[in-house]
Amino acid sequence: MAQVTLNGVGKTYPNGFEAVKPSSFDIADGEFVVLVGPSGCGKSTLLRMVAGLEDITAGSLNIGDREVNDVDPADRDVAMVFQNYALYPHMTVRKNIGYGLKNRGTSAAEIEAKVQDAAKMLDLSALLDRKPSQLSGGQRQRVAMGRAVVRDPALFLFDEPLSNLDAKLRNQMRIEIKALQRRLGVTSIYVTHDQVEAMTMADRIIVLNGGEIEQIGTPAEIYHNPASKFVASFMGAPPMNLIDAQLENGEIRMNGSTVLTAPSDQAYAGPVTMGIRPEDVVIDEAGSTPFTIEIVEELGAHRLLHGRLAGHAFTVHVGKESLANAGEVRLQIKPDAIRLFQPETGKAI
Amino acid sequence: MARSQTRKPFKWAPVFDHTILILGALFMLVPVVLAFVTSSHSAVQIAREGIMFVPGSHLGENYSKAMFEKGGFTATIDGMVMLKNSLILGLGFALGKIIISMLAAYALVYFRLRFATFAFWIIFTTLLLPLEVRILPSYEAIQRLDLANTYTGLIVPLIASATGTFFFRQFFRSVPEELAEAARIDGAGPVKFFIDILVPLSQTMIAAIFIIMFVFGWNQYLWPTLITTDEGLFTLVRGIKQIYQTMIDANSIPEYGQALALAIIAMLPPVLIVIFFQSWFVKGLTESDK
Ligand SMILES: Nc1ncnc2c1ncn2[C@@H]1O[C@H](COP(=O)(O)OP(=O)(O)O)[C@@H](O)[C@H]1O
Ligand SMILES: [Mg+2]
């Protein structure tokens with residue numbers, strides 16, 4: 001087990017493309033960190049640099065007390081789970097799981113014992129003599145996990161390990177992976193483009209965009225206090241409502257007429273982008289803001305009301321007990337539900 | 001009720017297909033059958049009457065003489081020795097080509113060589129230069145290395161294979177990159193990855209190339225003729241020719257029966273290889289591990 005320290009780690013590919021801008025952060029021993037961001041933002045590149053599969057072109061990377069920039073992947077004491085699992089197709093599950101140990105000169109008896117342990121932990125005991133082609137997607141996923149677990153590494157690396165599973169299995173595996181990581185206490189870096197996975201699994205989330213870190217924080221921090229418009233719109237489903245408006249004298253004006261009270265202590269004046277989470281507003285006869293419901297999305301446990309607020313697309317999230325029909329309602333929007341961003345830079349004010 | 005059924009219209013397509021297939025099969029098989037039937041007659045009779053259509057009485061005699069009677073100028077070589085030489089050539093040729101081309105493809109695909117693509121195209125263009133084109137320099141080189149009349153001299157100049165390299169390169173490129181990366185993290189170096197992962201994955205490719213190359217090597221004629229003058233190294237394919245050559249030189253009737261017997265025997269190993277590996281090959285394809 002180990003902490004991981006990135007100090008200005010960046011990657012410029014040989015073709016001159018800077019996939020990861022110099023980034024610095026620490027991961028504590030036993031922490032589960034999720035790297036999240038849209039496709040192509042450099043998540044895999046960053047993870048692969050930690051694994052040693054990709055050269056680090058800037059900065060330094062430490063795993064434990066050791067700088068590992070030039071250390072071979074095999075000697076970094078990391079284990080990685082790939083999106084397509086990368087199981088060895090011609091080997092049985094037993095051999096797949098034991099291969100890393102065999103290469104490290106572990107005795108046959110010890111390999112067998114460790115493989116049995118890992119298999120038991122992952123519910124694979126009955127499948128040890130099968131080949132990957134004879135397994136379901138979820139089982140393959142487990143084997144890939146087994147291959148990582150069996151070596152008892154200092155660091156787990158996951159690159160979108162659940163993307164190839166159907167939604168139901170994904171939810172189940174999400175919980176299993178998290179539980180397993182808790183139990184083993186191994187420091188983990190988990191890459192995903194799925195904000196739900198990030199929110200549910202992470203101790204800490206790192207949001208990446210265009211090769212740059214947008215924000216680092218706990219799921220709650222990221223959700224409630226997004227550092228930028230990008231984070232606000234990327235994290236949360238449905239995303240935060242973002243509306244361009246004008247801030248003056250503690251009042252937010254949309255399209256000239258509709259007025260909201262700004263969060264307190266705003267020295268700033270001028271154009272802003274206002275962000276409101278769909279669940280942070282209430283439908284209230286006495287509310288001050290008119291809202292036109294156009295479409296009601298029925299989701300069982302709750303409803304999403306899509307419509308227009310001062311001419312802007314706006315979504316409201318209400319409980320299942322709340323009535324909902326297309327038409328005019330009034331909303332109560334509390335000042336502390338409002339986040340403000342600079343329109344050009346996108347940064348939070 | 002029975003009457004209500006309309007008659008199915010007669011389908012001509014299957015008849016047509018089968019006619020072509022049967023004609024093709026006959027075209028391939030009849031010469032072999034005739035060679036076999038004729039090989040059961042005595043040389044004198046064949047010399048007099050040509051190809052025979054009914055079996056004769058010299059079958060056992062022709063085959064045992066062809067295989068076990070020492071012949072040639074020096075009377076040192078029999079069919080068994082030639083069979084052995086042909087097997088050595090066929091196997092050495094096929095295995096050599098597989099090993100060389102797999103290693104070349106491995107280097108081209110998995111290592112960041114600066115000029116990998118260029119090197120590949122250089123290798124690929126050698127397809128335009130088969131052995132026949134470079135036969136004189138090859139001969140000269142082997143001669144100078146004192147390797148004429150050795151198995152090494154017979155096999156080594158033939159085993160460079162652009163075709164094999166090409167096929168293995170394409171195959172390796174289709175293997176997911178993550179497999180190599182997983183193996184790297186699992187502590188497998190380049191040699192281990194090659195032997196533990198890549199070779200087993202290539203089984204079907206290896207089988208396919210082995211079939212083609214074994215038959216190709218087995219049927220080599222020009223190069224062996226040039227490089228082996230020692231009769232102890234003659235292959236079956238050459239032996240067939242040799243049987244009448246010596247007889248004609250000696251002004252007697254060529255041993256047609258024996259030559260045909262040898263021809264039939266020369267056909268067997270490639271046929272067996274194809275039959276044996278084909279089932280294996282198909283199994284590999286259908287049990288695809290992907
Ligand atoms: N070998 C490479 N050479 C050049 N650019 C690359 C290479 N690999 C990835 N990239 C680029 O780097 C960016 C980040 O890629 P990646 O880390 O795979 O993104 P993701 O966040 O989807 O995992 C992408 O724009 C991709 O096109
Ligand atoms: Mg990726």
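The values are calculated or read from the model by the stated rules, or taken from the named source; none is laboratory data. Being a predicted model, the structure only gives us computed values, none of them experimental. Neighbour counts are summed over all protein chains in view; Cβ atoms, including those assigned to glycine, are modelled from backbone coordinates with ideal geometry. SASA here: full protein model, heavy atoms, side chains in, ligands and nucleic acids out. Shrake-Rupley method; radii C 1.70, N 1.55, O 1.52, S 1.80 Å.
Compute the projected area of the convex hull of the Cα atoms of the stretch A:114-203, averaged over all viewing directions, and report it in nm² to one decimal place. List each step's numbers first, then the result.
Numbers: hull surface 22.8 nm².
Result: 5.7 nm².
Can you give me the accessible area per residue for chain B, using a 1.4 Å probe, in Å²?
Values: 16990 Å² over 290 residues.
The answer is 59 Å² per residue.
Given H placed 1.01 Å from N in the peptide plane, which residues other than close sequence neighbours of A:L208 have an amide H under 5 Å from its amide H?
Close amide H contacts, sequence-distant or interchain: A:V36, A:G37, A:E214.
Work out from phi, with θ = phi - 60° and the Karplus expression 6.51 cos²θ - 1.76 cosθ + 1.60, the ³J(HN,Hα) of each residue of the stretch A:335-341, listed in order in whole Hz, and give x for Gly and Pro.
Rounded to whole hertz, the list is x, 6, 8, 9, 10, 10, 10.
How would A:E248, B:E177 rank on accessible area, largest to smallest, probe 1.4 Å?
On the way: A:E248 90, B:E177 130 Å².
My answer, sorted largest first, is B:E177, A:E248.
Quick one: with all protein chains in place, what share of the accessible area of the stretch A:151-208 is carbon or sulfur, to the nearest percent (1.4 Å probe)?
Details: 1070 of 2120 Å².
Answer for the stretch A:151-208: carbon and sulfur cover 51 percent of the accessible area.
Given the options B:G24, B:G96, B:G232, state which has the largest fluctuation in a GNM of chain B using a 10 Å cut-off (strictly under) for Cα springs.
Comparing B:G24, B:G96, B:G232 in a Gaussian network model of chain B, the most mobile one is B:G24.
Give me the Å³ per residue figure for the convex hull around the C-alpha atoms of chain A.
Working: hull volume 57.5 nm³, N = 349.
Once divided by residue count, the hull of chain A is 165 Å³.
So what are the radius of gyration and Dmax for the Cα set of the stretch B:78-288, in Å?
Computed over the Cα atoms of the stretch B:78-288, radius of gyration and Dmax are 20.3, 73 Å.
Could you sort B:I273, B:I197 by their accessible area in this structure, using a 1.4 Å probe and putting the largest first? Write down the numbers at each step before the final one.
Values: B:I273 30, B:I197 0 Å².
Solvent-accessible surface, decreasing: B:I273, B:I197.
Rounded to the nearest 500, what is the 222 nm mean residue ellipticity of the protein assembly as shown from helices alone, with -39500 (n - 2.57) per DSSP H run of 4+ residues and division by all residues?
Values: 21 runs with 274 residues, N = 639.
Taking each H run of at least 4 residues, the total per residue is -13500 deg cm²/dmol.
Could you pull the accessible area for B:R169 with a 1.4 Å probe, rounded to 10 Å²?
Only protein atoms counted, so the area is about 30 Å².
For the stretch A:13-72, what D do you get in µm² per second when you plug the Kirkwood radius from alpha-carbon pairs into Stokes-Einstein at 4 °C and 1.567 mPa s? Numbers along the way, then the final one.
On the way: Rh = 12.7 Å.
Diffusion coefficient, whole number: 102 µm²/s.
Please compute the Kirkwood hydrodynamic radius of the protein assembly as shown from all pairs of different C-alpha atoms, in Å with one decimal.
Working: mean 1/r = 0.0317 Å⁻¹.
One decimal place: 31.6 Å for the Kirkwood radius.
For chain B, give the percent of accessible area contributed by carbon and sulfur heavy atoms, probe 1.4 Å, rounded to a whole number. Before the final figure, lay out the partial values.
Working: 11840 of 16990 Å².
About 70 percent, which is the carbon plus sulfur part of the accessible surface.
Looking only at other chains, what is the average number of their beta-carbon atoms within 10 angstrom of each beta-carbon in A:88-100?
Values: counts 10, 9, 8, 4, 0, 0, 0, 1, 2, 0, 1, 8, 6.
So the per-residue partner count for this stretch is 4.
Could you state the orientation-averaged shadow area of the convex hull built on the Cα atoms of the stretch B:141-264, in nm² to one decimal? Can you show the working numbers first?
Values: hull surface 43.2 nm².
For the stretch B:141-264, averaging the hull's shadow over all directions gives 10.8 nm².
For chain B, what's the relative contact order in percent, using C-alpha pairs closer than 8 Å and at least 6 residues apart?
Numbers: 297 pairs, mean separation 84.5, N = 290.
Relative contact order of chain B: 29 percent.
Expressed as an acute angle from 0 to 90° and rounded to the nearest 10, what is the orientation of the C-alpha long axis of helix A:108-121 relative to the principal long axis of chain A?
It works out to around 30 degrees.
Across the Cα atoms of the stretch B:172-232, what radius of gyration and what greatest pairwise Cα-Cα distance (Dmax) are found, in Å?
Taking only Cα atoms of the stretch B:172-232, I get Rg and Dmax of 18.6, 55 Å.
With springs connecting C-alpha atoms under 10 Å apart, model chain A as a Gaussian network and identify which of A:Y190, A:Y268, A:Y99 has the largest mean-square fluctuation.
A:Y268
For peptide B:174-184, compute the average count of partner chain beta-carbon atoms within 10 Å of each residue's beta-carbon.
On the way: counts 0, 1, 5, 4, 9, 7, 2, 10, 17, 7, 7.
Taking all residues of B:174-184 together, the mean is 6.
Within 11 Å, Cβ to Cβ, of A:D284, how many net charges do the neighbouring residues add up to if Lys/Arg are +1 and Asp/Glu are -1?
Numbers: positive: A:R330, A:K334; negative: A:E285.
With Lys, Arg at +1 and Asp, Glu at -1, the neighbours total +1.
Report the relative contact order of chain A, percent, no decimals, based on alpha-carbon pairs under 8 angstrom and at least 6 residues apart. Intermediate results must be reported in sequence, preceding the final value.
On the way: 726 pairs, mean separation 55.3, N = 349.
In percent, rounded to a whole number, it is 16.
Which of the residues in the stretch A:45-86 show a loss of at least 20 Å² in accessible area from their chain by itself to the complete set of protein chains, at a probe of 1.4 Å?
At a threshold of 20 Å² (probe 1.4 Å), the residues of the stretch A:45-86 that become less exposed are A:R48, A:L53, A:P73, A:A74, A:F82, A:N84, A:A86.
How large is the accessible surface per residue of the stretch A:1-150, computed with a 1.4 Å probe and reported in Å² as a whole number?
On the way: 6000 Å² over 150 residues.
That works out to 40 Å² for each residue.
For the pair A and B, how large is the buried accessible area, both sides, in square angstrom to the nearest 100, if the probe is 1.4 Å?
In total, chains A and B hide about 2000 Å² from solvent.
How tilted is helix A:167-184 with respect to the longest principal axis of chain A? Cα atoms for both, answer in degrees (0 to 90, nearest 10).
With rounding to tens, the tilt is 60 degrees.
All other residues with a Cβ under 11 Å from the Cβ of A:L162 taken together, and with Lys, Arg as +1 and Asp, Glu as -1, what is their net charge? Mind showing how you got there, number by number?
Values: positive: A:R170, A:R174; negative: A:D159, A:E160, A:D166, A:E176, A:D194, A:E197.
Local net charge: -4.
Of the accessible area of the stretch A:1-68, with the probe set at 1.4 angstrom, what percent is carbon plus sulfur? Don't jump to the answer; show the numbers that get you there.
Details: 1230 of 2690 Å².
With neighbouring chains kept in place, the figure for the stretch A:1-68 is 45 percent.
Hey, can you list the DSSP H helices of chain B whose Cα span along the axis is 24 Å or longer and whose average Kyte-Doolittle score is at least -0.5? Intermediate values should be presented prior to the final figure.
Values: long enough: B:12-38 (38 Å, 1.93); B:79-110 (45 Å, 1.61); B:256-286 (45 Å, 1.56).
For chain B, where a helix must reach 24 Å along its axis and average at least -0.5, the hits are B:12-38, B:79-110, B:256-286.
Gaussian network model of chain A, Cα springs within a sub-10 Å range: biggest mean-square fluctuation belongs to which of A:S228, A:S23, A:S264?
Greatest mean-square fluctuation among the candidates belongs to A:S264.
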